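The values are calculated or read from the model by the stated rules, or taken from the named source; none is laboratory data. Everything numeric here is computed off the predicted structure, so don't read it as measured data. Here the Cβ is made from the backbone with ideal geometry for all residues, glycine too, and neighbour counts use every protein chain on show. Note: accessible area is taken over every heavy atom of the protein model, side chains too, but ligands, DNA and RNA are not part of it. Shrake-Rupley method; radii C 1.70, N 1.55, O 1.52, S 1.80 Å.
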Amino acid sequence: MGARSGVVVVGAGPAGLALANVLRDKGISCVVIEEQTRAFIEARPRAGFIEEWAVRALDERGLASGLLDKAPSQGRFEFRFENGRHPFSYEQWAGQRHFVYPQQLLVTDLVGRYADTGGAIEFGVRDVVLHDVDSTAPAVTFTAADGTAKRLDCDFVAGCDGAQGVSRHHLDGNLLTHDYGIGWLALLAQAPPSADGVLFGIHARGFAAHMARTDTVTRFYLQCPPGDSEDNWPHERVWSELHQRLGVPDGPLIEGELIEKRVLDMHNYVVEPMARGRLFLAGESAHLVAPIAAKGLNLALHDAFHLAEAIEAHYGGDDGPLTRYSDTCLARVWQYQEFSQWLSDIFHSSTLDPPADPFRARLAQARLRRLLGSPAAAASFSEIYIGKAADF
Ligand SMILES: Cc1cc2nc3c(=O)[nH]c(=O)nc-3n(C[C@H](O)[C@H](O)[C@H](O)COP(=O)(O)OP(=O)(O)OC[C@H]3O[C@@H](n4cnc5c(N)ncnc54)[C@H](O)[C@@H]3O)c2cc1C
């Protein structure tokens with residue numbers, strides 16, 4: 001079975017759905033194919049912190065109504081170390097905030113706006129193969145949910161299929177990788193937030209973090225060995241470690257049932273360039289940033305908006321934005337990768353007792369003192385933490 005569309009978008013995550021909505025609004029035909037069911041992607045919890053510039057960009061494209069109605073915003077966080085609280089207001093320095101909106105709610109909004117108003121999308125596809133991406137007439141073949149073999153001929157393929165997808169393997173020769181050598185146990189607890197902002201616990205037992213998701217659900221992280229098993233972290237051990245690493249006398253943690261428990265090995269990659277012929281990668285297919293600084297979803301949206309504009313310019317007769325697409329996106333990607341590494345050093349260098357590298361631990365402590373003591377350092381940190389200035 002054959003059909004032709006302007007753009008085939010592979011993957012209905014934040015990158016693919018933001019791109020598809022904008023393309024359709026611009027009158028550019030597109031089809032989205034997604035290997036999971038709609039119910040699955042609407043329930044998959046991941047990110048929660050969306051930077052203000054990204055929310056504004058969604059809003060300018062008519063994609064933020066649910067978010068703006070429901071999401072609270074935060075402009076401060078707290079470091080916790082040596083049994084004390086060290087608040088930090090990045091809004092004070094950068095004038096911008098995060099919006100706290102679980103990723104599955106954003107995906108639900110975006111898929112609803114696209115699919116429920118006639119946007120072409122196929123869920124539950126298998127055997128996705130990209131063809132002829134070096135030509136001006138690429139195609140995508142796949143097996144539809146009902147078992148039918150399908151082929152979509154198109155002008156462009158947008159590879160928005162994340163870290164486990166097929167698109168990035170067309171550019172594997174250009175994969176740059178980095179491994180932090182640590183793991184994070186990612187947890188969701190059925191418990192209200194214990195504080196009105198993010199908590200970063202720097203502790204000799206290992207790093208820990210607390211991040212609100214909703215009034216009744218909170219995300220926590222615990223540093224653990226890479227490759228650790230979730231089975232090593234029963235309820236009692238999780239809460240004991242969280243209390244030790246994050247609790248302070250005047251800021252106790254509220255416990256709850258653990259509804260997600262997943263070990264993430266902290267590693268990054270960047271596919272460079274993010275394009276080959278008529279295949280353009282967007283989001284996590286092109287770059288994975290460990291969730292240390294909560295940047296991945298924000299980068300996915302950044303790519304999607306630039307790719308939509310570049311494809312629109314192509315149909316208007318200007319291929320300049322498409323030619324520059326990869327460089328434009330990678331500028332921010334590398335700023336965020338560098339920032340995540342910088343923050344990781346603060347979070348993890350002092351966290352073994354004694355530290356694995358005492359010299360590096362002292363450097364991290366000096367960095368933290370400078371951040372908390374120097375207005376210039378605080379302003380510089382805040383700009384990149386909230387993504388206000390990141391396109392260098
Ligand atoms: C625990 C955790 C917490 C996080 N917290 C934050 C945060 O607070 N802020 C932040 O900015 N980021 C955060 N992130 C990162 C963020 O979740 C990702 O960066 C984001 O999901 C990337 O979006 P994407 O659209 O590029 O990819 P994905 O969301 O991975 O979407 C890709 C889609 O493609 C589909 N797919 C895969 N293969 C195929 C195929 N062959 N054919 C068709 N479809 C396919 C997948 O099913 C998926 O739906 C977090 C991540 C994790 C794991």
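Among the candidates 8, 55, single out the residue that is within 12 Å of the ligand (Cβ to nearest atom) and part of a strand (DSSP E or B).
When all the criteria are applied, what remains is 8.
Can you say whether residue 46 is open to solvent by 70 Å² or more (accessible area, probe 1.4 Å) and part of a loop (DSSP other than H, G, I, E, B), as far as the supplied structure shows?
yes
In this structure, does residue 241 turn out to be open to solvent by 30 Å² or more (accessible area, probe 1.4 Å) and in contact with a strand residue (DSSP E or B) (Cβ under 6 Å, 6 or more places away or on another chain)?
Considered against the rule, which asks whether it is open to solvent by 30 Å² or more (accessible area, probe 1.4 Å) and in contact with a strand residue (DSSP E or B) (Cβ under 6 Å, 6 or more places away or on another chain), residue 241 comes out as no.
Looking at (1) open to solvent by less than 10 Å² (accessible area, probe 1.4 Å); (2) not assigned by TED's automatic domain parsing to the domain that holds residue 141, can you tell me which one residue 89 breaks?
Among (1) open to solvent by less than 10 Å² (accessible area, probe 1.4 Å); (2) not assigned by TED's automatic domain parsing to the domain that holds residue 141, residue 89 violates only (1).
Only one of these is in contact with a strand residue (DSSP E or B) (Cβ under 8 Å, 6 or more places away or on another chain), open to solvent by 70 Å² or more (accessible area, probe 1.4 Å) and either away from the ligand (no atom under 15 Å from the Cβ) or in contact (Cβ under 8 Å) with a residue 12 or more places away in the chain (or both): 215, 231, 265. Name it. Reasoning before the result, please.
Working: 215 fails: in contact with a strand residue (DSSP E or B) (Cβ under 8 Å, 6 or more places away or on another chain); 231 fails: in contact with a strand residue (DSSP E or B) (Cβ under 8 Å, 6 or more places away or on another chain).
It is 265.
Need at least 1 residues that are within 30 Å of residue 364 (Cβ to Cβ) per element, so show me which strands (runs of 3 or more DSSP E) inside the stretch 60-133 make the cut, counting only ones lying wholly within it. Lay out the reasoning, then the answer.
Working: elements: 76-81, 84-89, 98-100, 120-122, 126-131.
Here the list reads 76-81, 84-89, 98-100.
Against the conditions (1) surrounded by fewer than 23 Cβ atoms within 10 Å (Cβ to Cβ); (2) over 13 Å from residue 188 (Cβ atoms); (3) among the hydrophobic types (A, V, I, L, M, F, W, C), where does residue 271 fall short? Just the number, please.
Checking residue 271 against (1) surrounded by fewer than 23 Cβ atoms within 10 Å (Cβ to Cβ); (2) over 13 Å from residue 188 (Cβ atoms); (3) among the hydrophobic types (A, V, I, L, M, F, W, C), the one that fails is (1).
How many residues are among the basic types (Lys, Arg) and either more than 14 Å from the ligand (Cβ to nearest atom) or farther than 23 Å from residue 193 by Cβ (or both) when one looks only at the stretch 234-262?
Result for the stretch 234-262: 2.
Is it the case that the stretch 355-370 has a residue that's closer than 22 Å to residue 10 by Cβ and open to solvent by less than 30 Å² (accessible area, probe 1.4 Å)?
no
Inside the stretch 19-42, can you point out the residues that are touching a helix residue (DSSP H, G or I) at 6+ places or on another chain (Cβ under 6 Å), more than 8 Å from the ligand (Cβ to nearest atom) and either closer than 17 Å to residue 285 by Cα or open to solvent by 20 Å² or more (accessible area, probe 1.4 Å) (or both)?
So the first thing to find is which residues in the stretch 19-42 are touching a helix residue (DSSP H, G or I) at 6+ places or on another chain (Cβ under 6 Å), and the list is 19-23, 26, 30, 32, 41-42.
Then keep just the ones that are more than 8 Å from the ligand (Cβ to nearest atom); that gives 19-23, 26, 30, 32, 42.
Residues satisfying the conditions are 19, 20, 26, 32, 42.
Quick check on residue 108: is it of a type in the set (Ser, Thr, Tyr), more than 14 Å from the ligand (Cβ to nearest atom) and open to solvent by 40 Å² or more (accessible area, probe 1.4 Å)?
no
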